[in-house]
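These notes concern the structure reproduced below.
The values are calculated or read from the model by the stated rules, or taken from the named source; none is laboratory data. From a predicted model like this one, the values you see are computed outputs, not experimental measurements. Don't worry about glycine lacking a Cβ; one is built from the backbone with ideal geometry, like all the others, and counts go over all protein chains shown. Note: accessible area is taken over every heavy atom of the protein model, side chains too, but ligands, DNA and RNA are not part of it. Shrake-Rupley method; radii C 1.70, N 1.55, O 1.52, S 1.80 Å.
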Amino acid sequence: QVSVALKEGRVTPTELCQQCLSLIKSTKFLNAYITVAEETALKQAEASEERYKRGQPLGVLDGIPVAVKDNFNTAGIETTCASNMLRGYISPYNATVVQKLLDQGAVLLGKTNLDEFAMGSGSTDGVFGPVRNPWSYSRQYKEKSVPKSHSEDKESNWVITGGSSGGSAAAVSSFTCFAALGSDTGGSTRNPAAHCGVVGLKPTYGLISRHGLIPLVNSMDVPGILTRCVDDAAVVLGSLAGHDPKDSTTIQDNFKPFELPYLTDVSKLSIGIPKEYHAPELSGEILALWSKAADLFRNAGAKVVEVSLPHTRYSIVCYHVLCTAEVASNMARFDGLEYGHRSGMNESTESMYAATRREGFNDVVRGRILSGNYFLLKQNYEKYFVKAQKVRRLIANDFVKVFQSGVDVLLTPTTLSDAVPYKEFIKEDNRTRSAQNDILTQAANMAGLPAINVPTALSERGLPIGLQFIGRSFQEQQLLTVAKWFEKQVQFPVIQLEEVKRHDHDVFQHEKSASFS
């Protein structure tokens, strides 16, 4: 809609950019952004405006305001990973996905907040403070949340965004941008998408370049896409996917962007319901919604079958071993010598290394490095790391068998519950929370499969609940087509944010489809 408005001249890229920048300022309390690149964004918007005047826009994304998680390198704009280790670091190059967005004429508004080095599931552990979920300030939540006591400050009642791409999810949810990039290692795009009521797509491993994404777990990291509707996710995917000579893990074949068809007949679809995803901690509310969604497909004529992924119960432990082992390896580059923070300790090179890492990393990052190095010790390597790799293969094979049996798409919950209040969330440590919150999402990363969160309904507390669709490898078109059909059926309500309402503009009409496709 906005892309059409830009082409027809009903709004200019500069007006759109200024509108978003104004919204970022008025929703600053959400802490969604670490860096706002106002000057750069306005220059990009002016260049886009010139192209529209000449009738030569670069594509659908030309002039569209976007945001990028602060673990993607951006030339000329600080990249911090929400860590003291990289505070003040400015990369000499753009990540491939960032460059592709800019080549399409997108306007980069800034870098979004996250858990330090993307290690977490709440976007609460970064050095710049926690991200607040925009739904905490929505009319839907305020009407249903009753303070436990009169003395309880309403301000303390805010809920988390999920993580680690919470800043990007909050940015899209609060209308400050139209699309945002996240990263997804074990659910870091889908989890906050579910809590913030937006679409979160994790593409197949190798479909989108990781070059310039500061690595967490090389064998699982995937750039993720956050938008307000499925069509928009397809548009952004079309701009980003394809081979990159700078990333040897990307596919060699050319990727053809696609438009999603309107699915009218689902009778040929087979939807799998994995019984292992009935996790004991799953809230009754989400379980009921999951059953209702399965019935929706069944009543529309689709074949809905219960399937088994028997090794799912080992997946979170397996994920923890592999994740920390790769983290330990990746974090070795931050030694205070080449870039990033360097301690003033100068007694010896070794003491400088140790002090740099102690000062630069938080407890969560240091804890994962410690665990990973333990699993990689010579006496533990076979027992933990190699065994986890073997279990990972079994988990991937479970998915292969299910899809070979004729199932097209798997339908599962994305999270165990709706977003919890920040004060509740921080009562447990990062590792416990990550194990709980990644339980339904990380298996898709270990198998390298595409998965998408689709916002489905509001909980009894007036907060978003999402469901997850997992597709066959490199079958994003089929996955997104099913997700689009489902999105149309459920008609997820639009967030009622007073802060946004004050900024009246025809572009920001309160409709679910405030999109650019």
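Listed values, structure above:
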{"item": "Label-point gap, in nm, between S329 and A354 - each point 7 angstrom along Cα→Cβ", "result": "2.7"}
{"item": "Accessible surface of the stretch 302-363, 1.4 Å probe, proportion on carbon and sulfur as whole %", "result": "49"}
{"item": "Point-charge dipole on Cβ atoms (K/R +1, D/E -1) for the chain, about Cα centre, debye to 20", "result": "820"}
{"item": "Equivalent ellipsoid dimensions for the stretch 267-402 as semi-axes, Å, which come from the Cα gyration tensor, largest first", "result": "45, 18, 12"}
{"item": "Heavy atoms of I34 accessible to a 1.4 Å probe, total area in Å² rounded to 10", "result": "40"}
{"item": "Cross-link pairs beyond the 24 Å C-alpha cut-off, checked among K69/K100; K7/K28; K202/K256", "result": "K7/K28"}
{"item": "Among (1) 27.1; (2) 53.4; (3) 24.2, the entry that matches mean projected area of the Cα convex hull in nm² as calculated here", "result": "(3)"}
{"item": "Per residue, in Å², the accessible surface of the stretch 423-467 once ligands and nucleic acids are set aside, probe 1.4 Å", "result": "32"}
{"item": "Selection from F469, A75, G126, by position along the positive dipole direction of the chain (Cβ)", "result": "F469"}
{"item": "Accessible area per residue in Å² at 1.4 Å probe, computed on the stretch 128-287", "result": "34"}
{"item": "Fraction of accessible area attributable to carbon and sulfur, the stretch 171-269 (%, probe 1.4 Å)", "result": "50"}
{"item": "For G224, distant residues with modelled amide H under 5 Å away", "result": "G182, S183, D184"}
{"item": "Burial ranking of peptide ranges 471-481, 437-447 (average Cβ count within 10 Å, highest at the top)", "result": "437-447, 471-481"}
{"item": "Charged-residue dipole, Cβ positions (Lys, Arg, Asp, Glu), the stretch 1-117 about Cα centre, Debye nearest 20", "result": "140"}
{"item": "The stretch 378-486, relative contact order in percent, only Cα pairs under 8 angstrom and at least six apart counted", "result": "29"}
{"item": "Table column - 3J(HN,Hα) (Hz), the stretch 406-418, Karplus curve with 6.51, -1.76, 1.60, x for Gly and Pro", "result": "x, 6, 8, 9, 9, 10, 9, x, 9, 10, 6, 7, 6"}
{"item": "The stretch 1-123 - percent of accessible surface contributed by carbon and sulfur, probe 1.4 Å", "result": "49"}
{"item": "Unit charges on C-beta of K, R, D, E only; dipole of the stretch 276-325, Debye", "result": "160"}
